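Chemist: Dumping the structure here so I can ask a few things about it.
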Amino acid sequence: MKVFGIIGWKNSGKTGLMERLVSEITARGYSVSTIKHAHHTFDVDQPGKDSFRHRTAGASQVLLSSSRRWALMTEMKDDDEPGLDDLLKQLAPVDLVLVEGYKRDSHQKIEAHRAHTGQPLIAADDATVLAVASDATHRDLGVPVFDLNATSQIADFILVQTGLAQ
């Protein structure tokens, strides 16, 4: 599996870019999975549902299955958060895994950037950021800069960088 990341500060356009890239790359015939890092506690379960009740009763893992999908939830308790490499091992094989977040890990990345956030570019000091997708012009950055909405061009770049381009 090839791995490529989309990073950026809060409200930089990461999730929208991820969504567009998944649509674009799967439309080209590639299989794609995603990993999203959250910096806060989250819950994908709903109070009152059977799976929620199993989990809150103390189950370490709850696997929920239907004819359309299945999901495995694992309670971390006091364990350390698993690293990206450990999470990648949990995925079924695909052509490409797009990773949202994990900005300090060593995989190749594109930085999403919106000028109105006022945040500095991560790419300026991080050699794993191979390009920037932005709504602003960035001269003399040393990496390619794409328009944030140039999904097809960004997909081309990712496929070439990962060796998936045909």
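The values are calculated or read from the model by the stated rules, or taken from the named source; none is laboratory data. Since the model is a prediction, treat every value here as computed from it, not as a measurement. No Cβ is skipped: glycine too gets one built from the backbone with ideal geometry, and neighbour counts run over all protein chains shown.
Chemist: Residues that are more than 21 Å from Leu159 (Cβ to Cβ): which strands (runs of 3 or more DSSP E) entirely in segment 1-103 hold 2 or more of them?
Modeler: Details: elements: 2-7, 32-36, 61-65, 70-74, 96-100.
The qualifying strands (runs of 3 or more DSSP E) are 61-65, 70-74.
Chemist: For residues that are within 20 Å of Leu87 (Cα to Cα) and modelled with pLDDT under 85, scanning just segment 15-58, find the one that is farthest from the chain's Cα centre (by Cα).
Modeler: Looking at residues that are within 20 Å of Leu87 (Cα to Cα) and modelled with pLDDT under 85, I get Asp45.
Chemist: Now for a different question. I'd like the residue in segment 130-166 that is in a strand (DSSP E or B) and out of contact with any Gly (no Cβ under 8 Å at 6 or more places or on another chain) and, out of all such residues, is surrounded by the fewest Cβ atoms within 10 Å (Cβ to Cβ).
Modeler: Going through the qualifying residues, I end up with Asp147.
Chemist: I've got another one for you. Give me the pairs, please: first residue somewhere in segment 61-84 and farther than 16 Å from His39 by Cα, second residue anywhere and among the β-branched types (Val, Ile, Thr), beta-carbon distance under 6 Å, and either six or more positions apart or on two chains.
Modeler: From residues that are farther than 16 Å from His39 by Cα, the pairs are Gln61/Thr74; Met73/Val62.
Chemist: For segment 107-166, give me each residue that is charged (D, E, K, R), touching an Asp or Glu at 6+ places or on another chain (Cβ under 9 Å) and either closer than 25 Å to Ser23 by Cβ or touching a residue at least 60 places away in the same chain (Cβ under 8 Å) (or both).
Modeler: Within segment 107-166, Lys109, Glu111, Arg114, Asp135, Asp147 qualify.
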